[in-house]
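Below is one structure, written out as structure tokens; comments come after it.
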Amino acid sequence: MADIMRCAGEILRAHNDRDGIVAEIAGRLGIVEGTIYRYFPTKRDLIIQVAEDWYEAMLADYDRELAGITGTAARLRFMIWRHLTVMHDEPAMCRLVLDELRADAGYRKTSIYELNRQYTRRTLAIVKDGIASGELRADVPLTMIRDMIYGGIEHHTWAYLRGEGDFSPTQAAEEIVAIIYRGIAVPTDTPERAGALTRLEDVATRLERIAQNQIPER
């Protein structure tokens, strides 16, 4: 089963043609297609399992990497930058989730939907912590902030996911967090709060090193 999952992941990352994935896996592994169906009743079950494993690996990475970052603005920037990096480095998997799995009528009943909720809740938790500390406004509409962040990311990367052009995750993250953070931060003249955004550039260098050294192989 592990070899089937590994092979399926490689195929899904390599191209968008998922119709012949079972036959291609069987050919690569030298097995009959019926062997695959013993583990996965349908092709869709196989694809969903690959997507689940992908999501779970990302969530584990986020928790580990986020633990070493302090400050609301820096933590928010990390989550945005990391999401943009995934979109940049894993376009085929992102298209699979956005175009096929999420568009399905039964999406809200799938484990992918719940994993996506866990994913976005990490960002909302950062905003809630900022509210609790008095750094962010208490009247911040959390669902609107979530929609602005992830909706903005999807719109910004849409052309790239279609195979058109390129974008910089670092630059995009800096621009998005600057707009979001300024909009929800409590106005203050204290040096600590006033310097929150200027410290983001220092964090950027560290995050780039994380991207090079800690993004797991899938």
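Hey, rough spin-label estimate for Arg117 and Ala2, points 7 angstrom out along Cα→Cβ, what's it come to in nanometres?
Going by the 7 Å Cα→Cβ label model, 3.2 nm.
Per residue of segment 81-89, in order, report the coupling 6.51 cos²θ - 1.76 cosθ + 1.60 (Karplus, θ = phi - 60°) as ³J(HN,Hα) in whole Hz, putting x for Gly and Pro.
So the Karplus estimates, Gly and Pro as x, are 4, 5, 5, 4, 5, 4, 4, 6, 8 Hz.
Mind giving me the nanometre distance, one decimal, between the label points for Glu100 and Asp166, set 7 Å out from Cα along Cα→Cβ?
2.7 nm
Give me Rg over Rh for segment 1-137, both radii from the alpha carbons and Rh done the Kirkwood way, two decimal places.
On the way: Rg = 17.9 Å, Rh = 16.7 Å.
Rounded to two decimals, Rg/Rh equals 1.07.
Expressed in nm to one decimal, what extension gain is obtained for the pair Ala138 and Thr70 from 0.36 nm per residue of sequence separation less their Cα-Cα distance?
Full extension of this stretch gives 22.5 nm more.
Using bins 10 angstrom wide from zero, how does P(r) for segment 1-43 break down, in % of all Cα pairs?
Going out from 0 Å in 10 Å bins, segment 1-43 shows 29, 64, 7 percent.
Search the structure for amide H atoms under 5 Å from the amide H of Leu136, placed 1.01 Å from N in the peptide plane, and list their residues when 5 or more places away or on another chain.
Ile131, Val186
Segment 50-128: which trypsin sites (Lys or Arg not before Pro) are DSSP loop and have at most 15 other beta-carbon atoms within 10 angstrom?
On the way: sites: Arg64, Arg75, Arg77, Arg82, Arg95, Arg102, Arg108, Lys109, Arg117, Arg121, Arg122, Lys128; in loops: Arg102.
Filter output for segment 50-128: Arg102.
So how far apart, in nm, are the two label points at Ile179 and Lys128 if each is 7 Å from Cα heading toward Cβ?
For the pair Ile179/Lys128, the computed spacing is 2.6 nm.
What's the extension gain from Asp147 to Arg44 if we count 0.36 nm per residue and subtract their Cα-Cα distance? Show your work: numbers first, answer last.
On the way: separation 103, 0.36 × 103 = 37.08 nm, distance 2.81 nm.
Gain in length upon complete extension: 34.3 nm.
Read-outs throughout are calculated quantities, based only on the coordinates presented, and are distinct from any laboratory measurement. On a predicted model such as this, the values are computed, not experimentally measured, just so you know. Counting neighbours? That spans all protein chains shown, and the Cβs are built from the backbone with ideal geometry, glycine included.
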